[in-house]
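What follows draws every value from the coordinates through simple rules; no lab data is involved. Nothing here was measured: the structure is a model prediction, and the numbers come from that model. Note that each Cβ is placed from the backbone with ideal geometry, even for glycine, and that neighbours are counted across all protein chains shown.
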Amino acid sequence: MIKNAKKLTMTVAAGVLALGMGGCVPYDLPNPFAPAGSAGVSTAALNQELTYETGTIQSVRYVRVQGSNEQTAGTLLGAATGAVLGHMIGKGKGQDLATIGGGLLGAYVGSQVTQANASELTIRTSTGRTVVIIVKGTGYRPGQQVRIVKSGSRVVSVEPL
């Protein structure tokens, strides 16, 4: 009976971790008006006049947003996943050590995976200006044509063309 409860607990924990990890994947088209992973917009974007200009990305530098919830979530989910996987190894004290080691290793890997979660883009606009914009996501590359969407002087999003 204890053996079956242990298997059930491990299966449920692995399922919860797998579902939770889906929310930690950074998306490439940053738009604060759109919920992550959707093409829709929130009510805050309604009835606003937005402008845009086009440009070409000159350089990309990956940066980490300090205090990012993604990095914290990555660390915690990595630790939990590592501990669950480590717990499946060995018996007795060896199993305890594998659980602790798996948790520590998982925490490290989880924090590293989510470390570069933004990009500093140097963009040459079609009007000849050079601007630097920090955006969420890491799916940008030099030479890429983009549209910079603005609300007043605030950048709403940088979207590939």
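Listed values, structure above:
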item	result
Environment charge at Ile57 (Cβ cut-off 10 Å; Lys +1, Arg +1, Asp -1, Glu -1)	+2
For Ser126, Ser59, order by how many other beta-carbon atoms lie within 10 Å, fewest first	Ser126, Ser59
Spin-label model distance (nm) - Arg141 vs Val65, 7 Å beyond Cα toward Cβ	2.4 nm
Estimated inter-spin distance, Arg154 and Glu120, nm [label 7 Å along Cα→Cβ]	2.3 nm
Shape category assigned to segment 122-161 from the gyration tensor of Cα positions, a/c cut at 1.5	oblate
